[in-house]
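Here, each number is a calculation from the coordinates, and none is a lab measurement. Being a predicted model, the structure only gives us computed values, none of them experimental. For neighbour counting, all protein chains shown are included, and Cβ atoms are generated from backbone atoms with ideal geometry for every residue, glycine included.
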Amino acid sequence: MTKLKLIIILAIIIWATRAADGSPVANEHEERLWRAVCHVESGGRVNAVGDGGNAVGIAQIWKICVDDVNRIIGRAEYSYDDRLSAARSKEMFLIYTRHYCRAAGGWTAERAARIWNGGPAGHRKQATAGYWQKVERAMSNG
């Protein structure tokens, strides 16, 4: 395969995973995982607050995660208030899980869920195994 063909294929892949505004678009597996994570994290409540006020929104995002997402993309695009937007939370979820799954050997629903719950090395932590079981049940129920 020529270098040009490879560049074209990569450009198509990147284009296909972005919306017109440049935000990430979930594939069907990521969408299913996203719905399950939202169910487990907040019962689907966009304005949920937990962990003593640290975890906010439908996906219970901490400020450190927002900061990390901004670091990953190389610009301060997301604010702490974006945690109260289901759409912006989903974008952060996709950016975060894709980035750390890629570094951990590739995307799987289990790896992504455990990383979401336990941080970049969450897929290796025993403490995230129970979380994955909850998410997996939510995925099979809905």
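For GLN60, no residue 5 or more places off, or on another chain, has a built amide H under 5 Å of its own. Amide H to amide H distances under 5 Å link ALA55 with GLY50, where only residues 5 or more positions off or on other chains count and H is placed in the peptide plane.
Between ARG137 and VAL46, 0.36 nm times their residue separation minus their Cα-Cα distance comes to what? Full-extension gain reported as 30.7 nm.
Coupling constants for the stretch 87-104 follow from the phi torsions by the Karplus curve (6.51 cos²θ - 1.76 cosθ + 1.60, θ = phi - 60°), and in residue order they are 5, 5, 4, 5, 4, 5, 4, 5, 4, 5, 5, 4, 4, 6, 5, 4, 5, 9 Hz; glycine and proline get x. Built from the Cα atoms of the stretch 28-141, the convex hull projects on average onto 6.5 nm², one quarter of its surface area. Across the stretch 50-60, coupling constants 3J(HN,Hα) worked out from phi with the 6.51/-1.76/1.60 Karplus curve, θ = phi - 60°, read x, 6, x, x, 7, 9, 10, x, 4, 10, 6 Hz, and Gly and Pro carry x.
A simple spin-label model places pseudo-atoms 7 Å from Cα toward Cβ; at ALA121 and GLU31 they are separated by 3.6 nm. For the residue pairs LYS3/LYS125; LYS63/LYS134; LYS63/LYS125, alpha carbon separations beyond 30 Å are given by LYS3/LYS125.
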